[in-house]
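The values are calculated or read from the model by the stated rules, or taken from the named source; none is laboratory data. All values derive from a computational prediction rather than experimental measurement. When we count neighbours, we look across all protein chains shown, and the Cβ atoms used for this are built from the backbone with ideal geometry, even at glycine.
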Amino acid sequence: MDTTGTIFLPPGQSTISGEVDALFNFILFASILLFLLVVILSGYFVFRYRRRTVPGTTYGKDHNVKLEIAWTVIPTILIIIVFIWGFRTFLKMRVVPKDAIEIKVTGQKWFWSFDYPEGVNTVNELVVPVDKPVKLLMSSKDVIHSFFVPNFRIKMDVLPNRYSITWFEATSAGEYNLFCTEFCGTGHSEMIGRVKVVSEKEYGEWLEATAIPAEGISPVEYGARLYQSKACITCHSVDGSLNTGPTFYKKFGEQEMMADGSSVKVDENYLRESILNPNARVVAGYAPVMPTYQGILKDREIDALIAFIKSLKEDTTANDE
Ligand SMILES: [Cu+2]
């Protein structure tokens with residue numbers, strides 16, 4: 001159900017979003033109305049029944065039964081409505097449809113990775129078909145994260161040592177933001193991903209193309225794709241510009257200064273170590289914030305990334321996409 005969005009959230013693009021927004025707006029406007037009623041009446045009464053100069057003046061009324069019943073019964077009815085409405089929506093959000101596609105979500109410092117039943121793995125990019133329920137089975141490798149897709153109106157904590165589950169069904173194709181809303185550490189706010197909603201046909205094609213990626217393309221091209229799909233791009237540039245991590249431009253074969261004062265020649269083994277065990281040797285001038293890709297990248301993928309970094313020695317124009 002598409003909605004135009006609320007004053008706080010972007011347009012709703014999932015089957016549940018219309019219901020969430022309607023309930024949210026109901027609570028918001030009922031609260032505003034009651035707030036105004038109480039504040040305006042209080043203000044009026046303070047003025048109307050202020051102490052007069054004539055001593056000994058009293059007013060005959062000290063309570064009003066009808067009024068008291070009204071202000072007890074009306075809020076009670078409102079709260080019952082909110083409870084029943086909210087509980088029904090909550091159940092819909094909790095009970096995963098049987099035919100849902102199941103995707104494993106892993107949160108870690110500081111990115112998201114997704115594992116598909118077909119063996120495909122992506123980083124910070126969740127690709128799903130439109131009009132199909134998708135179940136997310138989520139866990140964390142380190143601290144608590146929180147998976148939030150504003151357009152779908154779903155938000156769920158992602159915990160270490162335990163699975164949490166949420167689901168959604170996207171109602172229109174497009175690209176939507178994915179955030180981590182656990183703001184208790186430095187990097188959560190940088191765990192920005194995308195949810196790409198595509199047609200069923202495109203989804204099948206994408207799975208196929210991603211599952212057998214080395215087919216028909218060179219290791220350098222494959223590496224260039226991984227550089228994007230595995231989120232290296234968020235921290236490393238290929239044109240020499242500064243970022244969270246050092247640039248890959250003209251990196252290969254260089255002599256690199258480490259934080260401990262030693263220097264290292266950038267060769268294949270050093271690159272491999274930097275990807276799998278980034279804190280073993282930290283580049284001078286940078287914080288040790290690179291996540292380990294141990295268990296995420298396969299050997300073939302590491303080979304391709306190294307080939308890609310090597311190719312940036314001479315020419316970067318081919319990788320500007
Ligand atoms: Cu996080």
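Quick notes on this one:
For every residue, the table says whether it meets (1) aromatic (Phe, Trp, Tyr); (2) at pLDDT 85 or above; (3) out of contact with any Phe, Trp or Tyr (no Cβ under 8 Å at 6 or more places or on another chain).
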{"residue": "TYR203", "(1), (2), (3)": "yes, yes, yes"}
{"residue": "LEU207", "(1), (2), (3)": "no, yes, no"}
{"residue": "ALA211", "(1), (2), (3)": "no, no, yes"}
{"residue": "ALA224", "(1), (2), (3)": "no, yes, no"}
{"residue": "VAL238", "(1), (2), (3)": "no, yes, no"}
{"residue": "SER262", "(1), (2), (3)": "no, yes, yes"}
{"residue": "SER274", "(1), (2), (3)": "no, yes, yes"}
{"residue": "ASN279", "(1), (2), (3)": "no, yes, yes"}
{"residue": "ILE306", "(1), (2), (3)": "no, yes, yes"}
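- Residue in segment 198-220 that is buried (at least 20 other Cβ atoms within 10 Å of the Cβ), more than 16 Å from the ligand (Cβ to nearest atom) and not assigned by TED's automatic domain parsing to the domain that holds THR292 present: no
- Qualifying positions in segment 95-115 - under 16 Å from PHE168 (Cα atoms) and in contact with a strand residue (DSSP E or B) (Cβ under 8 Å, 6 or more places away or on another chain): VAL96, PRO97, ASP99, ALA100, ILE101, GLU102, ILE103, LYS104, VAL105, PHE114
- When residues in segment 97-125 are screened for being within 11 Å of the ligand (Cβ to nearest atom) and charged (D, E, K, R), 1 of them pass.
- Only one of the listed residues (GLU301, GLU256) is more than 20 Å from ALA224 (Cβ to Cβ) and either surrounded by 13 or more Cβ atoms within 10 Å (Cβ to Cβ) or of a type in the set (A, V, I, L, M, F, W, C) (or both). That residue is GLU256.
- Per-region count, segment 166-188, residues within 16 Å of the ligand (Cβ to nearest atom), at pLDDT 90 or above and out of contact with any Cys (no Cβ under 7 Å at 6 or more places or on another chain): 7
- Scan segment 126-141 for residues that are over 15 Å from SER164 (Cβ atoms) and either among the basic types (Lys, Arg) or within 16 Å of the ligand (Cβ to nearest atom) (or both) and the total you get is 2.
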